[in-house]
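Worksheet: one structure, shown below.
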Amino acid sequence: MEIRMIVSLRQLGVWTVLLALSSVHPPAGGASELSEAAPRLLGAAARSPEAYDRLGELCDNYGHRLSGSAQLEAAIDWTAKLMREYGFENVRKEEVLVPHWVRGEEGAYLTSPAKQRLHILGLGRSVGTPDGGIEAPMVVVESFDDLEARDEKDIRGRIVLFNVPYDGYGRTVRYRGSGPSAAARKGAVACFVRSVGLPGMQTPHTGALRYSEEDPKIPAAAVSREDALMIARMIERGDEVIAHLEMQAHTLEDAVSHNVMGEIPGSVHPEEIVVLGGHIDSWDVGQGAQDDGVGCMIALHAVRLIQRLGLQPKRTLRVVLWTNEENGLRGGAAYAEAHADEIERHVAAIEADSGNGRARGFRLDLREAVVGENSDADSLDLLREEGLQFLDTVGAQLRSVGADTMRAGGSGADISPLARQGVPCLGLDHDASEYFRIHHTESDTFDRIIPEDLNHNVAVMAIMAFALTQMEGELRGLRSRHAP
Ligand SMILES: [Zn+2]
């Protein structure tokens with residue numbers, strides 16, 4: 001059963017008949033178009049050095065790109081220029097006010113049991129220390145529950161270290177987000193969080209914290225896994241561990257930044273839009289190569305590839321490079337707001353934001369709003385099932401390169417405001433087994449990008465984007481503008 005049949009029946013609103021007719025074969029027009037385009041896209045991507053070369057220029061010529069920095073705006077201007085050079089249409093920047101956090105100088109060391117330097121990176125949005133720093137005894141906790149169980153007198157006036165082993169990003173990252181305020185609530189004067197990522201080499205991973213409104217804002221930093229384990233061992237032995245932390249981190253007035261976008265207008269339905277993109281901002285360490293310069297170049301060159309081969313998307317393909325994903329998500333929010341009047345005409349949105357591991361397929365992210373108001377409780381499940389069936393028809397073209405795994409899951413932070421408003425969203429599903437070793441670190445550099453994997457990812461993205469521009473009907477549910 002392919003989407004052509006699903007959608008035409010959905011237009012009648014006949015959900016039960018749909019299931020009963022699942023063995024009916026749809027006409028094959030769209031499918032054969034895709035099966036002709038897919039090998040050409042794969043072949044052309046494999047031969048093109050463009051995505052790799054341009055990513056190298058982005059990383060080396062602009063460096064890391066934190067919101068509020070001149071490098072970020074220069075990189076945004078460069079990508080707009082690149083889109084124009086490639087012949088994309090409607091290339092434009094859209095203004096976004098973004099938080100302007102500045103790290104400043106920072107450092108930490110132990111003064112007891114022996115003086116030694118710690119490997120830290122202040123957490124994004126953290127406040128700084130007073131001049132001269134903070135020096136205090138340390139206490140180690142293993143979890144939020146462990147912190148809760150401690151006597152307040154054992155926390156007050158101390159620096160709390162959350163020594164939480166990495167157990168998958170989603171599960172561990174909450175200590176970075178909420179740990180500092182939880183520690184402050186019990187009287188801690190500063191907070192260290194064991195680096196949230198796979199074991200590196202004395203490599204702290206930064207990332208954003210979220211202060212609660214009620215609690216005092218205390219300075220917070222990621223500390224390398226090796227240093228966290230050492231401090232835990234010292235305390236286990238009964239040593240008094242005293243740390244000195246100095247951070248000049250501070251937040252300035254919001255700064256002007258931009259989302260940047262360009263298009264290939266659709267040849268049949270130019271008003272219907274398939275968005276694909278990544279985020280152009282990065283943390284202020286490394287080069288933002290895997291997070292997420294590469295996602296930007298994957299999306300941009302997927303469109304470039306379709307255009308170079310002379311394929312004619314029926315719907316408009318729009319590449320969007322969002323700003324401020326890392327410490328505010330203002331770019332994604334601003335895009336959804338600025339394009340509110342055409343959200344209904346967003347047929348799908350795809351984000352690449354998990355590094356450059358080889359894509360294995362896509363995650364399909366359909367939220368409540370996708371089924372519209374006239375749906376029953378089962379509609380979302382049914383729609384997900386149908387959506388995955390459509391993705392599988394695209395996956396058939398990706399089987400030979402191992403990118404045919406389609407599953408339900410999250411898509412991307414920048415397109416989540418679209419997903420919440422009912423736009424069917426997809427995430428490029430990379431092999432992320434190495435990504436969490438280097439993302440948000442000084443090690444996120446261009447030399448770790450494998451060109452063959454990048455070209456694979458560009459082709460996989462291009463094939464899915466092209467399929468979405470050509471499919472008949474929509475993945476969206478009963479509130480589709482085609483619905484009766
Ligand atoms: Zn990212």
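Could you list which residues have their amide H under 5 Å from that of L118, counting only those 5 or more apart in sequence or on another chain, with H placed in the peptide plane?
Amide H to amide H, under 5 Å and 5 or more residues apart or across chains, L118 pairs with A108, Y109, L110.
So who's got an amide H within less than 5 Å of the one on L161, skipping anything under 5 residues away but keeping other chains? H placed 1.01 Å off N, in plane.
Result for L161 returns V139, V140, V141, F192.
Rounded to the nearest 500 deg cm²/dmol, what is the calculated helix-only ellipticity per residue at 222 nm for the chain, with -39500 (n - 2.57) per DSSP H run of length n ≥ 4? Don't skip to the end; give the middle numbers.
On the way: 14 runs with 169 residues, N = 484.
Taken over the chain, the calculation gives -11000 deg cm²/dmol.
Highest mean first, how do 125-135, 306-316 rank when packing is the count of other Cβ atoms within 10 Å averaged over residues? Kindly include the intermediate steps, with their values, before the conclusion.
Numbers: 125-135: 17.3, 306-316: 18.8.
With the highest mean Cβ count within 10 Å placed first, the list reads 306-316, 125-135.
Taking the simple approach of a point 7 Å from Cα along Cα-to-Cβ for both Q312 and S433, what is their distance in nm?
4.4
What ³J(HN,Hα) values, in whole Hz, does the Karplus curve 6.51 cos²θ - 1.76 cosθ + 1.60 give for segment 47-58 when θ = phi - 60°, with x put for Gly and Pro?
8, 9, x, 4, 4, 5, 5, 5, 5, x, 5, 4
Using Cα positions and a limit of under 14 Å, work out the aspartates and glutamates in reach of K314, with same-chain residues fewer than 8 apart set aside.
Answer for K314, where 14 Å is the Cα cut-off: E33, E263, E271, E272, E472, E474, listed by chain and number.
Between K81 and D53, what is the label-point separation in nm under the 7 Å Cα-to-beta-carbon projection?
Computed distance between label sites D53 and K81 equals 1.6 nm.
Say R0 is 35 Å: what FRET efficiency, to the nearest 0.05, do H269 and D447 get from their beta-carbon distance? Working shown, then result.
Working: r = 42 Å, r/R0 = 1.21.
After rounding, the FRET efficiency stands at 0.25.
Helix 451-470 versus the longest principal axis of the chain: what angle, 0 to 90°, nearest 10, using Cα atoms?
With both axes taken from Cα atoms, the answer is about 50 degrees.
Given H placed on each backbone N at 1.01 Å, which residues far from L123 in sequence or on other chains put an amide H within less than 5 Å of it?
A220, A221, A222
When the accessible area of the chain is split by element with a 1.4 Å probe, what percent falls to carbon and sulfur?
On the way: 9130 of 18570 Å².
The computed percentage sits at 49.
Starting from the Cα of K186, draw a straight line to each of the lysines and keep only those under 23 Å, dropping any in the same chain fewer than 8 residues away.
K153, K217
What is the calculated FRET efficiency for D341 to K217, with r their C-beta to C-beta distance and R₀ = 30 Å, to the nearest 0.05?
On the way: r = 39 Å, r/R0 = 1.29.
E between D341 and K217, to the nearest 0.05, is 0.20.
Once each part is reduced to its C-alpha centroid, what is the distance from segment 345-369 to segment 103-141 in angstrom?
Using only Cα atoms, the two centres lie 38 Å from each other.
How much length is gained on full extension from R237 to D254, taking 0.36 nm per residue of separation minus their Cα-Cα distance? Present the calculation step by step, with values, prior to reporting the outcome.
Values: separation 17, 0.36 × 17 = 6.12 nm, distance 4.65 nm.
Computed gain between R237 and D254 is 1.5 nm.
Under a crude label model (7 Å from the Cα following the beta-carbon direction), how far is R156 from A74 in nanometres?
So the two model labels end up 5.1 nm from each other.
Determine the sum of side-chain charges near R185: Lys and Arg each +1, Asp and Glu each -1, restricted to other residues whose C-beta is under 10 angstrom from that of R185.
Numbers: positive: K186; negative: E148, E152, E214, D215.
My count for the surroundings of R185 gives -3.
May I ask you to order 295-303, 80-88, 194-202 by the average number of other C-beta atoms within 10 Å around their residues, highest value first?
On the way: 295-303: 29.8, 80-88: 16.6, 194-202: 20.6.
Ranked from most to least packed, the peptides come out as 295-303, 194-202, 80-88.
The values are calculated or read from the model by the stated rules, or taken from the named source; none is laboratory data. Bear in mind the structure is a predicted one, so any value in this text is a computation, not a measurement. Cβ coordinates were reconstructed from backbone atoms using ideal geometry, including for glycine residues, and neighbour counts include every protein chain displayed. All accessible areas refer to the heavy atoms of the entire protein, side chains included, with ligands and DNA or RNA removed. Shrake-Rupley method; radii C 1.70, N 1.55, O 1.52, S 1.80 Å.
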